[in-house]
Amino acid sequence: MDVFLYPVLEKLGLYTPPDPTYGRYLLTISDREKKLQAEPEVQIRQRRVFVKDGHFLRGEDVELTQEEIDRGKGKKWVYYKEWQKGQGNGADVIVLHGLNAYGGKWAAYISGLLSNGFRVIAPDMPGHGRSTGLHGYIQSHSRLLDALESVILDMDTYSNARRKIFLIGASMGGGIILNFCTLHPGKQRIAGVYILCPMIAVSPETMPNALVRFVGRMTKFFAGRYPFAAVIRGKGSDDPRVEEELLSDPRGYSGKMRIATGFSMLYCMLDFTPSVIASFDLPFRVVHGTHDRVTSYKGSISLFEKSSSKDKDLLLYDGVEHIMLKDVGSERDETTAKVLLDMEEWLMKRV
């Protein structure tokens with residue numbers, strides 16, 4: 001019904017989903033978020049930004065109630081959560097999640113940023129988390145760029161001044177950032193970028209075969225919501241606990257990749273032509289594992305070599321897989337600790 005019938009009825013104006021987040025808006029927060037909220041001095045703000053045809057309309061503070069769902073029926077919004085500790089240093093960090101994840105995932109990794117005075121903002125992309133849309137469904141990658149811009153515009157409405165903004169993103173989040181900072185006019189607001197395993201090029205292990213791509217291309221216009229292929233499942237990490245955690249978290253999407261989502265990711269990567277990459281002139285650091293089976297580290301090498309930025313770095317982690325930040329077990333993973341420390345130091349030098 002959600003895949004074939006309801007989309008047609010929606011276009012005809014004959015059906016409106018009772019909950020445009022399909023049951024995700026009222027889910028309890030994760031243990032990561034609870035732990036972060038319990039830290040002394042941590043201030044939290046939750047907002048949603050209403051959009052129409054990808055354009056910013058207005059934002060409002062939210063408390064995650066049924067009444068908010070009822071008021072939002074028939075509308076589209078981007079949800080985001082904001083953390084700050086103390087007075088801060090006047091700089092913002094927007095953290096973008098990967099495919100099938102949600103902004104709250106970053107709660108496990110931002111304590112250092114908060115302690116260093118950054119205000120951290122974590123949006124849920126369309127079709128993810130508490131933002132509207134069928135879970136795991138991305139109609140077009142341009143909607144992801146519009147969502148990021150809408151969050152930035154909304155932040156400006158309640159900040160006393162235009163604050164310095166840094167972007168951090170992993171996988172799909174990294175691809176969104178690079179696309180935004182090369183092809184979108186909103187890039188003028190960005191002071192620097194730190195990206196992990198960005199979705200610039202796909203690894204051979206993840207590229208669907210020619211038949212799957214052909215079938216998807218033929219059906220995406222009338223069956224774009226259909227969950228078609230498990231192209232990345234089990235390839236993010238060789239640590240089975242990571243996969244178990246992903247599959248058990250109801251806030252994330254654990255089904256097969258939807259047809260339109262797959263092609264949205266493909267078109268996002270196709271945007272990175274040599275001339276587009278050469279136009280990327282913002283300060284950045286890109287980090288990537290050489291054993292990534294989802295996105296190819298060779299894409300990050302190409303970005304580093306061809307970008308026109310005067311302040312750029314490439315850091316390759318030998319033998320590390322796609323998921324570079326892990327929060328499983330009682331002790332922090334060595335690679336995770338190294339990446340977070342490097343991230344914090346890089347940002348602090350550029351505040």
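Computed from the coordinates by the stated procedures, all read-outs in this text should not be read as laboratory data. Treat the numbers as computed from the prediction; the structure is a model and nothing was measured. Heads up, the Cβs are rebuilt from the backbone with ideal geometry, glycines too, and the neighbour counts pull from every protein chain shown.
In a reduced charge model with +1 at each Lys and Arg Cβ and -1 at each Asp and Glu Cβ, the range 123-212 shows a dipole moment near 280 debye about its Cα centre. A protection proxy built from the mean count of other Cβ atoms within 10 Å ranks the segments 19-28, 254-263, 94-103, most packed first, as 94-103, 254-263, 19-28.
Note on the range 1-125: with charges restricted to the Cβ of Lys and Arg (+1) and Asp and Glu (-1), its dipole about the Cα centre is near 200 debye. With a Förster radius of 25 Å applied to the beta-carbon distance between Gln43 and Asp19, the computed FRET efficiency rounds to 0.30. Among 66-72, 83-89, 122-128, the peptide with the highest mean count of other Cβ atoms within 10 Å heads the list, and the full ranking is 122-128, 83-89, 66-72.
Please give the contour-minus-distance gain from Lys306 to Asp281: 0.36 nm per residue of separation, less the Cα-Cα distance, rounded to one decimal in nm.
Net length gain for the segment: 8.0 nm.
Rg/Rh, computed from the Cα trace of the range 267-328 with Rh as the Kirkwood radius, has the value 1.01. Per residue, the chain reaches -10000 deg cm²/dmol at 222 nm when only DSSP H runs of four or more residues are counted, each adding -39500 (n - 2.57). Model label sites at Arg71 and His184, defined 7 Å from Cα along the beta-carbon direction, differ in position by 2.6 nm.
Placing unit charges on the Cβ atoms of the charged side chains and taking the dipole of the chain about its Cα centre, the candidate lying farthest along the positive direction among Gln66, Gln37, Val351 is Gln66. Spin-label pair Ala337-Arg58: with each label point 7 Å from Cα along the Cα-Cβ axis, the two points sit 4.9 nm from one another.
Measuring nothing but alpha carbons in the chain and taking Rh as the Kirkwood radius, the Rg to Rh ratio lands at 0.94. Computed over the chain, relative contact order equals 16 percent, with contacts defined as Cα pairs under 8 Å that lie 6+ residues apart. Take the residue pairs Lys85/Lys310; Lys235/Lys298; Lys81/Lys164; Lys73/Lys164; Lys187/Lys310; Lys187/Lys235 and return only those whose Cα atoms are more than 25 Å apart. Going by Cα-Cα distance, Lys85/Lys310; Lys73/Lys164; Lys187/Lys235 fall outside the 25 Å limit. Only Lys, Arg, Asp and Glu carry charge here, each on its Cβ (+1 for the first two, -1 for the last two); on that basis the chain has a dipole of about 940 debye about its Cα centre.
Candidates Gly329, Pro126, Thr28 compared by Cα position along the dipole of the chain: farthest toward the positive end lies Pro126, with charges placed on Cβ.
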